[in-house]
Every structure is written in structure tokens, then in C-alpha cells.
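Written out below as C-alpha cells is the structure these notes cover.
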Amino acid sequence: MNLKLWISCGVAALATSAAAQDSNALAVDGEALLTEAAAPLHMENVDTIYSGWRFRASETQALQSDDFDNPGMIFVDQAIDLWAKVDGSEGKSCASCHENVEDFAGLRPTLPRVEDGELVTMENIINECRTERMGAEPWKWSKGNMTAMTALIGLQSRGMPVNVAIDGDAAPFWEKGKELYYTRVGQLDMACSNCHEDNYGTMIRADHLSQGQINGFPTYRLKNAKLNSSHGRFKGCMKNIRATPFKEGGEEFKALELYLASRGEGLAVETPSVRN
């Protein structure tokens, strides 16, 4: 991306309306993606949910509307190479067991989910395949190979509505995530809800607060020019309010991921999205 486009994105962000733009409709290469839905019944203080795409400047929105321009697709291409790369003591690649990555369509909208009593994310599933089937080292949670692969797999579900289970075995994890969402922490004594429920649409640091939806993760952030995992973003938020972050991939962030996913029920998977 050239310097002129970076500058124009920053200028446009200052001029964008503070509220979610109801006239905006996201279509990627002709495929319409739902960016607005009625809030799930468990959300008592919000009537309508909006994708973070709705709060971005028009230039940033345009980047996501065309896969050729979307900088996150560079990492998807890298993951395609990783998919076929043999790694580990078993002499296998992802393709050895999963011939077509398209077979994972429908997985992203259901994650995190409970398996054998444990809450698992896409990163957990990928690393289990690497360690148990390939005999390879696990990838670090928010590093390049992992975010690239989660983008490739998530892309197969683009356009499908988020639909995570929050009852049954998932209920205690969801409750834990909800508690974390509303608990004030850090020197600034703030909770996730203070920004993303009470003040979404307002300006902060030359940008608009969104509802904190995670339907587009991993997301390419223009700010740091790379794909960012949801847990990496959680960590960044906690640092911003001067709190000690939980561990990426730890039980706290996995529970928070489940709760946040449930707040986006009905929104389309946008992976990989583009944000400021």
C-alpha cells in the first residue's frame, strides 16, 4: 500500500460520521455480506448489532470490498503454501489429511466451541493437528503462520452468519466471558462494555469506537500492517487501559472470545477483514 493511501485513510477517518452508516452495504467481489442484524436476545442494552466495517472510513471499507485490494489476502496466499508444506516427524502436510480447504466451510461461524469438556478455538484445532498428526511444533497464537492459516480457513465461511453455541456445555464458558466483558480492570478502571457497548460510534484517538464485533478476525489492521488475531486485539485493549493482559490462548481470552462471538450472532463472517 502506498503512502498516499495510508494518509488518505487517516484523514477520512476524522471526517466519517460518528454513527454506524445505515446506507452502507458490504459486498466482496459481488457477494453481499450482512453487516447489521437484530441484537441477540441475551444483549439487554443494544437493539441492533453492526460489523466493525460499518464504522470505518470509506477508503478502508473499499479495501475490504475487493479481494485484489485487500492486504489481508497476501497472508491467505502464504497460508495456501503452508497448507501444502510437509512439516514434522510424520512427513505430513495439512493437505495430507484435508485435500480441500473448502471442506472447512461452516467451521468459522461455530467457533469457539466445546469439545470433550474444553473450550477450543480455531488456533487450538490447528495446533492439535500439527502436534498430534504431523508431529510438528505448535504455532504461536498470534504469529504470522497461525494468523495466515486461520485467515485461509476462515475465508471458506465468508458470508455465513456467526452462530456459536452458548447453552449446554458451553454455558459456563459463556458466563465467564460475559463476566470478563463487564468487569472493570486496570488503572483506567474500564471494562470492554464501557467502550463497545456504552460509547460505540464516538471518536477516540482519531477513530470511531465500534461495537467490538469479532466476525472479521483475523483482521488486517492498517495501523500495524499485519493480520491480527482476536486474542491479540484483546491484549492490546487491556494494555490500552493499563491492565495486565491475560495470556493469548488462555482460558480467560477463550471465554471472552466465545462471549463476543455470541454478541455478533447473525453477522456475516468477513475473514479477513480490514480495519484501521
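The values are calculated or read from the model by the stated rules, or taken from the named source; none is laboratory data. Everything numeric in this text was worked out from a predicted model, so none of it was measured. Every residue, glycine among them, receives a Cβ derived from its backbone with ideal geometry; neighbour counts consider all protein chains shown.
Looking only at region 135-189, residues that are out of contact with any helix residue (DSSP H, G or I) (no Cβ under 9 Å at 6 or more places or on another chain), within 19 Å of residue 231 (Cα to Cα) and aliphatic (A, V, I, L, M) come to 0 in all. Taking the criterion of being under 16 Å from the mean Cα position of the chain (by Cα) and surrounded by fewer than 18 Cβ atoms within 10 Å (Cβ to Cβ), would at least one residue in region 98-107 satisfy it? Within region 98-107, one or more residues are under 16 Å from the mean Cα position of the chain (by Cα) and surrounded by fewer than 18 Cβ atoms within 10 Å (Cβ to Cβ).
Scanning region 260-276 for residues that are surrounded by fewer than 24 Cβ atoms within 10 Å (Cβ to Cβ) and part of a helix (DSSP H, G or I) turns up just one, 262. You will find that of 141, 53, the residue that is outside any strand (DSSP E or B), among the hydrophobic types (A, V, I, L, M, F, W, C) and in the same structural domain as residue 236 (by TED's automatic domain parsing) is 53 and no other.
Can you name the residue in region 6-27 that is part of a loop (DSSP other than H, G, I, E, B) and out of contact with any strand residue (DSSP E or B) (no Cβ under 7 Å at 6 or more places or on another chain) and is also modelled with the lowest pLDDT among such residues?
The qualifying residue modelled with the lowest pLDDT is 17.
Among the residues of region 197-219, is any touching a Cys at 6+ places or on another chain (Cβ under 7 Å) and not basic (Lys, Arg)? Write out each step before concluding.
First, pick out the residues of region 197-219 that are touching a Cys at 6+ places or on another chain (Cβ under 7 Å): 209, 212.
Now restrict to residues that are not basic (Lys, Arg): 209, 212.
Yes; the residues of region 197-219 include at least one that is touching a Cys at 6+ places or on another chain (Cβ under 7 Å) and not basic (Lys, Arg).
Scanning region 258-276 for residues that are among the charged types (D, E, K, R) and under 19 Å from residue 43 (Cβ atoms) yields 263, 265.
Among the residues of region 245-260, at least one is within 11 Å of the chain's Cα centre (by Cα), of a type outside the set (Lys, Arg) and within 17 Å of residue 36 (Cα to Cα). Residues that are of a type in the set (S, T, N, Q) and part of a loop (DSSP other than H, G, I, E, B) were ranked within region 71-101; the one that is farthest from residue 271 (Cα to Cα) is 89.
Pairs linking a residue in region 115-126 that is of a type in the set (Ser, Thr, Tyr) to a residue that is surrounded by 16 or more Cβ atoms within 10 Å (Cβ to Cβ), with Cβ atoms under 7 Å and 6 or more positions apart or on different chains, are 121/111; 121/112; 121/254; 121/257. The single condition among (1) within 20 Å of residue 272 (Cα to Cα); (2) modelled with pLDDT of 95 or more; (3) of a type outside the set (Ser, Thr, Tyr); (4) exposed (fewer than 13 other Cβ atoms within 10 Å of the Cβ) that residue 30 does not meet is (2). Among the residues making up region 224-250, those that are under 17 Å from residue 154 (Cβ atoms), among the small types (Gly, Ala, Ser) and not in a loop (DSSP other than H, G, I, E, B) are 230, 232. Listed by first and then second residue, the pairs with beta-carbon distance under 9 Å, at least 6 apart or on different chains, first residue in region 147-171 and in a loop (DSSP other than H, G, I, E, B), second of a type in the set (Asp, Glu) and surrounded by 19 or more Cβ atoms within 10 Å (Cβ to Cβ), are 158/270; 159/270; 162/265; 163/265; 164/265; 166/265. If you check 205, 221 for being in contact with a strand residue (DSSP E or B) (Cβ under 6 Å, 6 or more places away or on another chain), farther than 17 Å from residue 255 by Cα and without any contact (Cβ under 8 Å) to a residue 60 or more places away in the chain, only one passes: 221.
Do we have residue 224 as closer than 30 Å to residue 104 by Cα, at pLDDT 95 or above, assigned by TED's automatic domain parsing to the domain that holds residue 257 and within 17 Å of the chain's Cα centre (by Cα) here? Here the answer is no, as residue 224 does not meet what is asked.
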